[in-house]
1. Within region 71-91, how many residues turn out to be more than 16 Å from Ala33 (Cα to Cα) and in contact (Cβ under 8 Å) with a residue 12 or more places away in the chain?
2. Please specify each residue of region 92-114 satisfying the condition of being touching a residue at least 40 places away in the same chain (Cβ under 8 Å) and of a type outside the set (Gly, Ala, Ser).
3. Could you please let me know if Ile171 is touching a residue at least 24 places away in the same chain (Cβ under 8 Å), under 23 Å from Ala33 (Cα atoms) and in a loop (DSSP other than H, G, I, E, B)?
4. Residues to consider are Asn109, Asn94; find the one that is among the polar types (S, T, N, Q), farther than 11 Å from Val7 by Cβ, assigned to a helix (DSSP H, G or I) and within 16 Å of the chain's Cα centre (by Cα).
5. Taking region 55-84 on its own, how many of its residues are among the aliphatic types (A, V, I, L, M) and surrounded by fewer than 16 Cβ atoms within 10 Å (Cβ to Cβ)?
6. Output the residues belonging to region 55-91 that are among the aromatic types (Phe, Trp, Tyr) and touching a strand residue (DSSP E or B) at 6+ places or on another chain (Cβ under 6 Å).
Amino acid sequence: MSGYLIVDIETADLEFEDQEVQRYLLEKNIIPALHPYFSRIAAIGVKPAGKDAIILHGDEEVEILTEFWRLVKSNQMAKIVTFNGYGFDIPYINARSVLNGISPGTGINLNKWNMGRSNHFDIMQAMSMTGNFKWVSLEMTARVLDVPVPEDSIPSADMPKLFKEGDWASIVKHNKHDLEMTEAIYLKIKDMF
């Protein structure tokens, strides 16, 4: 693989007036922002190796997804690097693409058992020794590995509220911080896997 692309997403709840959908969410205790049926992509951050982050964001999810797949296709030889990308980011992007009538582009590997030989490296999977240890957040992983965590970081839990308020500057800032921490962690551990 030549180079890498760090990928991270931010999601926001969809509003449903359908009483059955609302009842289902409550009954099943589903957190909307964590399920692609009940939320959408507010931002996808892509950071090519050593370059500035590209944050695709806005109200037009189809445009965000179309541009994301264009970026991935134009960097086909790059390894996709994520933090929990096997368990969240990439399946979520794939599902939202299908729900928006967009064919998920290039096949980003989702088989965690084949990660070492694939086009997708998931830091969380690697550091949990493929699920043998409990999930740890990106920020905590950064702290344990002595990777700087921005003092003015914005919690992920605030993303749905920020989306409703249209606070794109804060969403972009949060996404950029996550991309930078993910890249710093990747560069610190990549030669050990």
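We did not get these values from a lab; they are worked out from the coordinates using the rules stated. Remember, predicted model here, so these are calculated numbers, not experimental data. Positions of Cβ are backbone-derived with ideal geometry, glycine not excepted, and every protein chain shown enters the neighbour counts.
1. To start, the set of residues in region 71-91 that are more than 16 Å from Ala33 (Cα to Cα) comprises 71-83, 86.
When the remaining residues are screened for being in contact (Cβ under 8 Å) with a residue 12 or more places away in the chain, the result is 71-73, 75-83, 86.
Residues that pass the stated criteria total 13.
2. Here is the first cut: in region 92-114, the residues touching a residue at least 40 places away in the same chain (Cβ under 8 Å) are 92-93, 95-96, 99, 102.
Answer for region 92-114, where residues must be touching a residue at least 40 places away in the same chain (Cβ under 8 Å) and of a type outside the set (Gly, Ala, Ser): Tyr92, Ile93, Arg96, Leu99, Ile102.
3. Details: touching a residue at least 24 places away in the same chain (Cβ under 8 Å): yes; under 23 Å from Ala33 (Cα atoms): yes; in a loop (DSSP other than H, G, I, E, B): no.
Here the answer is no, as Ile171 does not meet what is asked.
4. Details: Asn109 fails: assigned to a helix (DSSP H, G or I).
Selected residue: Asn94, the only one of Asn109, Asn94 that is among the polar types (S, T, N, Q), farther than 11 Å from Val7 by Cβ, assigned to a helix (DSSP H, G or I) and within 16 Å of the chain's Cα centre (by Cα).
5. Narrowing region 55-84 to residues among the aliphatic types (A, V, I, L, M): 55-56, 62, 64-65, 71-72, 77-78, 80-81.
Among the residues that remain, those that are also surrounded by fewer than 16 Cβ atoms within 10 Å (Cβ to Cβ) are: 62, 77.
Residues that pass the stated criteria total 2.
6. Result: Phe68, Tyr86.
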